[in-house]
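The values are calculated or read from the model by the stated rules, or taken from the named source; none is laboratory data. Bear in mind that the values here come from a model prediction, so they are computed numbers and not experimental data. We place every Cβ from the backbone using ideal geometry, glycine too, and count neighbours over all the protein chains shown. Note: accessible area is taken over every heavy atom of the protein model, side chains too, but ligands, DNA and RNA are not part of it. Shrake-Rupley method; radii C 1.70, N 1.55, O 1.52, S 1.80 Å.
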Amino acid sequence: MYTCPEMRYLLWGGRPSKRNLITLAAVAIVLPTGALAFMQYQSLVDLKGKTKIAIEENLRQTLQSVARNAQGDMQTLARETLAPLGSLSRSPEDLKHTLGRASQLHPEVDQFFLFSTCSCKVENRFALLYSSEKLRRVSGPQLGADADVGRILDAYRSSLALRPPAESTRELLFWQQTCSVPNEASHSFFYVFYPLKNTDVAGLILNPQYVRKEYLNRLIPGLLRGSGTKGSESGLAVSVFDEKQNQIYANASGVKNYQVKMAFAPVFPNWDLAATYRGSSIQGVAQASFEKSLLLTAVVLCLLLVGIILTLRAASREMSLAAAKSSFVSNVSHELKTPLALIRLYAETLELDRVKDEQQGKDFLRTINGETRRLTQLINNILDFSKIEAGRKEYRFVSSDVAEIVETVLRTYEYQLRDAGFEVSTRIDQGLPMVAIDAEAISQAVVNLLNNATKYSEDAKKIEVAVAARDSHIAIEVADHGIGILRSEQQKIFEKFYRVSTTLVHNTKGSGLGLALVKHVVEAHGGRVLVDSELGRGSRFTILIPIPKTESAPKKAAAEIRGYPVEEGSHH
Ligand code: ADP
């Protein structure tokens, strides 16, 4: 059975690679995250619907509490004005006195009345009406003929018919009598009936102007404030519509569509209460909360994705580092083995005195010397690198002449370079300011650059070395005409263990530490390393060491030009 490498890696493990890592991330992280995001989206859509219902319910409850409060106000009014009446059996003077006080305290009441619902003889029945400080008694057969009493009794019967069966007979009853005259505003009369002792009933008629103009204006804002909802400020608009659907109260102007509407029962059953959120519909509010949650989810997902990408990048970097380390071991082993084998071979030849002539003996000794130097350089690099990694690398800064240091290096490697067929031209300015540097570290950095120039040159065996003052720096340049470096690789080559993966570089052994060390050394001096390279044309590495401000300007001296001149800014 064929399985693709990624699948094999997932199922049975194996050598990790970037591709495998991406497949693993896609299967193990991105897919579940995607599924989670989809589920989250679905639940947000679901929540949107529920939010709409919840908001509607909230509005409904607000309106119900308005209606309940109106009922409570009527109960208080009845308890203060009607309950003290006791029963019809009290003397008329007594009743008039009680009603007079109630009427003074509550000018919003147009009329008080008392009547009996007893089915005793017509002659014995009577009703009392009190308004404008006058108590009127209607009794016997006049009861049927009196228009006022007739209206009250009709209202009472209607309110009884509307009373829910479960409600106690001691509860208040309300009736709203609306008289509509075509083309004219309708008039409502508000009746409140309060059961007294036995079969007696007391009641009152509210002043309609008071209800419309004062009562609603007091009831609704007070209630919205009391419930912690700041009315129009909170965006909650509450309104009252009369029987002709004219708006008779609104806590906020300019609202056209109300989301929830219900009867203002039981006190004002012919009127409607309406509420909405101002500025936005319920759909709008639900949509806004949906979008907010969606945005939050998207942000969290983005953070998650960024986290995953960063983790993957770190993992991939670790993998590259691990691979670089393992190739480092094999490269270094090779680097050590080759010179050692050469040294042994030549030393044995010399020991057995098998050289043809004195010149050959000298050549052998020179090779041994050169190889030993190469080995020392490699070991120095590795030791320095391990010190840097452990944070133990120390520099001893001593005021030195950079030109002199570079010249010493060139002199030391002169023979080796010439022997390898390289033509080295130099342009080293004299009289440059002295700078505090670690001469050994800077020498090693220059040696590393020279080493690379020889390693990565093919047929064009020319190297240019220059030292000069440039702006407020001393610049050391090492240029070759070798294989060059791709632009995309030019920053990576300074990473530890990093080696460009072209065949030519692959064939040239190296540790991948040389440039990392150069960079570290130069940065420890407060400087920078620049690379200017073109594939197939060659490379120019520049070490810039800052000249401290206190140093005097370079003592300009004639540039000592030896061999091939390197012009400023010129390339290969
Ligand atoms: P190495 O031991 O591999 O030479 P370095 O850190 O010195 O390690 O260099 C890192 C990589 O940079 C090399 O493997 C090579 O690919 C590239 N490189 C460095 N110097 C040059 C150069 N002068 N010309 C071309 N490529 C170079």
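Of note:
- Extension gain, V299 to N217, is 24.9 nm, computed as 0.36 nm per intervening residue step minus the present C-alpha separation.
- Inter-label distance, Y41 to S158: 5.8 nm, where each label sits 7 Å from its Cα along the C-beta direction.
- Of K52/K244; K52/K213; K362/K462; K462/K519; K337/K492; K455/K549, those spanning more than 32 Å from alpha-carbon to alpha-carbon: K52/K213; K455/K549
- Solvent-accessible surface of segment 104-180, taken per residue with a 1.4 Å probe and all protein chains present: 60 Å².
- Acute angle (nearest 10 degrees) that the helix 147-162 long axis makes with the longest principal axis of the chain, alpha-carbon atoms: 50 degrees
- Table column - 3J(HN,Hα) (Hz), segment 298-310, Karplus curve with 6.51, -1.76, 1.60, x for Gly and Pro: 4, 4, 4, 5, 4, 4, 4, 5, 4, x, 5, 4, 5
- Residue separation of E358 and A323 scaled by 0.36 nm, minus their Cα-Cα distance, works out to 7.9 nm of gained length.
- Full-extension gain in nm, E93 to I308, via 0.36 nm per residue minus C-alpha separation: 68.3 nm
- Burial order of peptide ranges 439-450, 333-344 (average beta-carbon count within 10 Å, highest first): 439-450, 333-344
- Take every pair of alpha-carbon atoms less than 8 Å apart whose residues are at least six positions apart; their mean separation over the length of segment 243-371 yields a relative contact order of 13 percent.
- Cα-based radius of gyration for the chain, normalised by 2.2 N^0.38 Å, reads 2.10.
- The angle separating the long axis of helix 514-524 from the principal Cα axis of greatest extent in the chain is about 70 degrees.
- Whole-angstrom gap from segment 65-138 to segment 428-480, using each part's C-alpha centre: 115 Å
- Distance between the pseudo-spin-label points of S289 and E394 (7 Å out from Cα toward the beta carbon): 6.8 nm.
- Highest mean first, the peptides 125-131, 236-242, 285-291 sorted by other C-beta atoms within 10 Å per residue fall in the order 236-242, 125-131, 285-291.
- Principal-axis analysis of the Cα atoms of the chain puts helix 31-81 at an angle of about 30° to the longest axis.
- Whichever lysines have a C-alpha closer than 29 Å to that of K48, once near sequence neighbours (fewer than 8 apart) are set aside: K230, K256, K261, K292
- Accessible area per residue was computed with a 1.4 Å probe on protein heavy atoms; M39 scores about 120 Å².
- Helical mean residue ellipticity (222 nm; -39500 (n - 2.57) per DSSP H run of 4+; nearest 500) of the chain: -16000 deg cm²/dmol
- Within the accessible area of the chain (1.4 Å probe), percent carbon and sulfur: 55 percent
- Accessible area per residue, Å², segment 271-377 with all protein chains present, probe 1.4 Å: 64 Å²
- Look at the alpha carbon pairs under 8 Å that are at least 6 residues apart: their mean separation over the length of the chain gives a relative contact order of 10 percent.
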